[in-house]
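Each value in this text was obtained by applying a stated rule to the coordinates, not by laboratory testing. Keep in mind it's a predicted model, so treat the numbers as computed, not measured. When we count neighbours, we look across all protein chains shown, and the Cβ atoms used for this are built from the backbone with ideal geometry, even at glycine.
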Amino acid sequence: MLNELKLISGNSNIPLAKEICDHLGIALGAATVSAFSDGEILVRIEENVRGMDVFVVQSCSDPVNKHVMELLIMIDALKRSSARRITAVIPYFGYARQDRKDQPRVPVTAKLVADLITTAGAHKVLTVDLHAGQIQGFFNIPVDHLYATPVLLNHLRTMDLKDLVVVSPDAGGVERARAFAKRLNASLAIIDKRREGPNQAKIMNIVGDVDNRDVLLLDDMIDTAGTITQGGQACADKGARRVLAGCTHAVLSGPALQRLNDSVLGQVIVTNTVPLAGKEQICKKIEVLSVAPLLGEAIRRIHNEESVSSLFV
């Protein structure tokens, strides 16, 4: 059935899209995604997709709004080109942090973006490590939610880690950290974090023992790196022997690279759901792992109507 499968990419993460195609043994579909002089996005699908099973790869990375609009317009172009099924492959789903009304008179933007993707004409969504699992319910179409856990675990098992403690940087990440700790036969600790404003955090206390042990701080994303570097310092102050950090989405905006370089973190393990664009050269601590085989296998299974959840059994 692979001759009916077509994969095209927006401009957000073309290298990842090409890696996925290499894994599937197909060529990247021809599409032009450009813009008029005033910034309006122009999309043209350069080959026949009528009756095909099309996967659109687009991360909601910086510039987020531009890449979201590219995704919506590409989906609309494919719908009007009579594609049989359109799957939005979103390795990093933007606006996921705005998933609830935690203050008066604020939007639930994650739901808005989900509605836009559905309205544009997507039949299915494939994404990796949503900031909050309940975002799957914001869509009125099927969502296949992948986890980068196998990719990170395979790498961690090759490292010489002693008396490992997996640390969640906040209460919301405890479930993720517990799953890692179980698979690595490691202990679990939690950081009590009090957020003072957007992209600002203050570390208060560590619940658990990190003294004279290797520590892995685990989160779904690193944005400005305030939380992860403060957490690393807190662990070091409590006597941790070695402090590492791991995440799926290396957003790395604003002062992130400087903070990581200046931090006690010995290594920062990330995946390529968000393109690094040379940031790993600025911060030598960054180790980039590829999720292309994971996404490629999920795409193959979706195309062949096979189980995706069995990837994680």
Test: residue in the stretch 51-64 that is within 25 Å of K279 (Cα to Cα) and in a helix (DSSP H, G or I): yes
Residue within the stretch 30-48 that is under 25 Å from I141 (Cα atoms), surrounded by fewer than 18 Cβ atoms within 10 Å (Cβ to Cβ), hydroxyl-bearing (S, T, Y) and more than 22 Å from the chain's Cα centre (by Cα) present: no
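One line per residue, one yes/no per condition, for (1) assigned to a strand (DSSP E or B); (2) of a type in the set (V, I, T); (3) out of contact with any Gly (no Cβ under 6 Å at 6 or more places or on another chain):
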{"site": "T227", "(1), (2), (3)": "no, yes, yes"}
{"site": "G232", "(1), (2), (3)": "no, no, yes"}
{"site": "C235", "(1), (2), (3)": "no, no, yes"}
{"site": "H249", "(1), (2), (3)": "yes, no, yes"}
{"site": "G254", "(1), (2), (3)": "no, no, yes"}
{"site": "V264", "(1), (2), (3)": "no, yes, no"}
{"site": "T271", "(1), (2), (3)": "yes, yes, yes"}
{"site": "P275", "(1), (2), (3)": "no, no, yes"}
{"site": "E306", "(1), (2), (3)": "no, no, yes"}
Identity of the residue in the stretch 89-129, in contact (Cβ under 8 Å) with a residue 60 or more places away in the chain and either among the hydroxyl-bearing types (S, T, Y) or not in a loop (DSSP other than H, G, I, E, B) (or both), that ends up nearest to V56 (Cα to Cα): V89
Failed condition for T227, given (1) surrounded by fewer than 24 Cβ atoms within 10 Å (Cβ to Cβ); (2) more than 17 Å from the chain's Cα centre (by Cα); (3) polar (S, T, N, Q): (1)
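When you scan the stretch 213-268, how many residues do you find that are without any contact (Cβ under 8 Å) to a residue 12 or more places away in the chain and under 10 Å from P169 (Cβ atoms)?
Filtering the stretch 213-268 down to residues without any contact (Cβ under 8 Å) to a residue 12 or more places away in the chain leaves 237, 258.
Cutting the leftovers down to under 10 Å from P169 (Cβ atoms) gives us none.
Total meeting the criteria: 0.
This table checks each residue for (1) small (G, A, S); (2) under 22 Å from L16 (Cα atoms); (3) over 14 Å from the mean Cα position of the chain (by Cα); (4) surrounded by 15 or more Cβ atoms within 10 Å (Cβ to Cβ).
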position: P255; (1), (2), (3), (4): no, no, yes, no
position: R259; (1), (2), (3), (4): no, no, yes, yes
position: P275; (1), (2), (3), (4): no, yes, no, yes
position: V291; (1), (2), (3), (4): no, yes, no, yes
position: L294; (1), (2), (3), (4): no, yes, no, yes
Whichever residue in the stretch 8-50 is in contact with a helix residue (DSSP H, G or I) (Cβ under 6 Å, 6 or more places away or on another chain) and in a strand (DSSP E or B) and, among such residues, is farthest from F93 (Cα to Cα): I45
Pairs where the first residue, in the stretch 19-30, is more than 16 Å from T273 (Cα to Cα) and the second is of a type in the set (D, E, K, R) and crowded, with 19+ Cβ neighbours inside 10 Å, C-beta under 6 Å, 6+ apart: G29/K6
Residue, nearest to V215 (Cα to Cα), within the stretch 160-173, restricted to residues that are within 18 Å of the chain's Cα centre (by Cα) and not in a loop (DSSP other than H, G, I, E, B): S168
Breaking point among (1) in contact with a Ser or Thr (Cβ under 6 Å, 6 or more places away or on another chain); (2) more than 17 Å from A120 (Cα to Cα); (3) of a type outside the set (A, V, I, L, M, F, W, C), for R44: (2)
